[in-house]
Amino acid sequence: MLRDLRANRSWLWVFSALMTACAVIVSYGLSGHLSVPDVDWLADRAEAEASPDDPAQWRPVPSVALHGWLPESRRSSRNAFNVRRCSVRVSDILDMPPAVDDIPALDNPRCITPQQQRSLRPDDEVIGVTVGDTARCYPLAILRWHCVVNDVLEGQPVCLVFDPLSGASLGFSRAVGGDMLSFGVSGKAYNGVTLLYDREHRNLWSPLTGECIAGPWTRRAVIASFPVERTCWASWLQRHPQTTLLSRNTGIGRPYDLDPYAQVQRPDAKGTVNYWQDPGLILAPPLQPSPQGGPAPKTVVLALRPGSQGATLAFVPPAAGNQPLSVVREVDGSRLRITWDPRPASRTFTAVDERGESPRQVTCFWFAWYSAYPQTQVVYLHSSASGG
């Protein structure tokens with residue numbers, strides 16, 4: 001009888017341990033520590049929010065974080081990004097109509113020589129970059145459809161970005177933390193800027209600040225930027241006659257002669273507008289609006305990232321006039337020459353030091369820069385100003 005009692009006790013101990021383990025696993029999953037499969041109610045909600053008759057197809061809506069995951073888009077409830085580690089409020093991450101990779105990044109792009117190209121006109125805008133002895137430019141007509149180019153220059157893995165939402169032209173290294181990353185368009189936006197994601201670890205990145213804001217590397221990694229120049233084809237070719245350029249033969253069929261942002265639906269559903277020309281339309285509103293009395297929100301500024309002394313500046317071009325100007329200003333102990341040339345065939349807006357370099361410069365809309373760096377000092381350039 002004593003032996004039977006001991007056997008029963010052993011069985012009870014095993015049963016109790018199994019029940020406790022099950023309870024822990026269930027609790028762990030419900031708290032968001034396990035991947036949660038798609039659920040019908042979320043899919044129904046996403047479909048209802050994005051009906052075909054929705055007039056505000058470009059207006060972002062807050063993403064729904066389900067057990068620590070962001071869905072792929074408001075049209076699909078599939079888990080896309082793990083936001084259990086997130087340096088910002090998840091509710092501030094906006095869900096744009098294109099889902100993950102609906103705007104396809106370009107990988108290992110085909111490049112051609114100036115003699116091989118047949119599509120660029122002298123005043124067509126490009127983003128130019130030099131790494132070592134290599135110069136390469138990326139036409140905006142192509143970047144508006146892809147936003148991200150994963151490339152290699154002088155053996156260095158680099159990423160070129162043109163973000164239509166913020167108007168930002170950016171370049172940074174794909175070598176991060178000992179890994180070589182490849183980036184794509186997440187279909188999410190934060191603080192007025194399109195968020196990128198890396199395919200290797202699926203972190204979410206803000207290209208304007210370079211910070212990892214969600215994912216395994218949150219607060220632990222920053223992408224290193226390098227200078228790019230937004231200019232026109234004629235000006236770039238004159239200064240870099242040996243340049244190569246991104247070919248339209250991307251392998252992805254897009255009408256590169258058309259601008260997808262030239263006609264976007266107004267939020268009030270009263271027709272379409274040109275995103276570049278409408279001063280009041282901001283597709284992804286920033287967390288804090290730019291202050292009154294300052295530059296207009298969609299003014300394209302030449303901004304300088306924080307330097308050794310923490311100085312952050314935004315140079316604002318003249319509101320009128322088409323005469324080029326050049327100004328010298330001392331920033332963080334270096335003399336920078338700021339050049340503004342609005343003429344179509346020589347369009348240039350740059351800030352370079354005595355060595356002709358400027359690793360800190362970014363061109364973007366004022367509203368996006370101010371929201372990321374509200375302590376920025378604004379410097380207005382005047383047509384009568386010049387410096388030697």
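Observations
- Residue list for region 235-262, restricted to those being open to solvent by less than 40 Å² (accessible area, probe 1.4 Å) and farther than 14 Å from T113 by Cα: S235, T250, Y256, P260, Y261, A262
- The residue list F183, F172 contains one member that is more than 21 Å from R254 (Cβ to Cβ) and in contact with a Phe, Trp or Tyr (Cβ under 9 Å, 6 or more places away or on another chain), which is F172.
- Among the residues making up region 120-143, those that are open to solvent by 10 Å² or more (accessible area, probe 1.4 Å), closer than 17 Å to A345 by Cβ and not acidic (D, E) are L120, R121, P122, A141.
- Between R75, R85, the distinction of being touching a Ser or Thr at 6+ places or on another chain (Cβ under 9 Å), more than 19 Å from P164 (Cα to Cα) and open to solvent by 30 Å² or more (accessible area, probe 1.4 Å) belongs to R85 only.
- Residue-level check: of (1) without any contact (Cβ under 8 Å) to a residue 24 or more places away in the chain; (2) touching an Asp or Glu at 6+ places or on another chain (Cβ under 7 Å), L160 misses just (1).
- Taking region 336-368 as the range and being farther than 20 Å from Q238 by Cβ, in contact with a strand residue (DSSP E or B) (Cβ under 6 Å, 6 or more places away or on another chain) and among the basic types (K, R) as the test, only R360 passes.
- Exactly one residue out of S247, S326 is of a type in the set (G, A, S) and either touching a helix residue (DSSP H, G or I) at 6+ places or on another chain (Cβ under 9 Å) or modelled with pLDDT under 90 (or both): that is S247.
- The single condition among (1) within 30 Å of P122 (Cα to Cα); (2) in contact with a Lys or Arg (Cβ under 8 Å, 6 or more places away or on another chain); (3) among the polar types (S, T, N, Q) that T312 does not meet is (1).
- A count restricted to region 289-306 and to residues that are of a type outside the set (A, V, I, L, M, F, W, C) and open to solvent by 40 Å² or more (accessible area, probe 1.4 Å) stands at 6.
- Residues (touching an Asp or Glu at 6+ places or on another chain (Cβ under 8 Å) and not polar (S, T, N, Q)) located in region 72-105: R74, R75, R78, A80, A99, V100
- Among the residues of region 263-288, the ones that are in a loop (DSSP other than H, G, I, E, B) and open to solvent by 20 Å² or more (accessible area, probe 1.4 Å) come to 18 in all.
- Positions within region 208-217 being open to solvent by 10 Å² or more (accessible area, probe 1.4 Å) and touching a helix residue (DSSP H, G or I) at 6+ places or on another chain (Cβ under 7 Å), in sequence order: T209
The values are calculated or read from the model by the stated rules, or taken from the named source; none is laboratory data. None of the values given here were measured: they were computed from a predicted structure. Note that we place each Cβ from the backbone using ideal geometry, even for glycine, and neighbour counts take in every protein chain shown. Note: areas computed on protein heavy atoms with side chains; ligands, DNA, RNA excluded. Shrake-Rupley method; radii C 1.70, N 1.55, O 1.52, S 1.80 Å.
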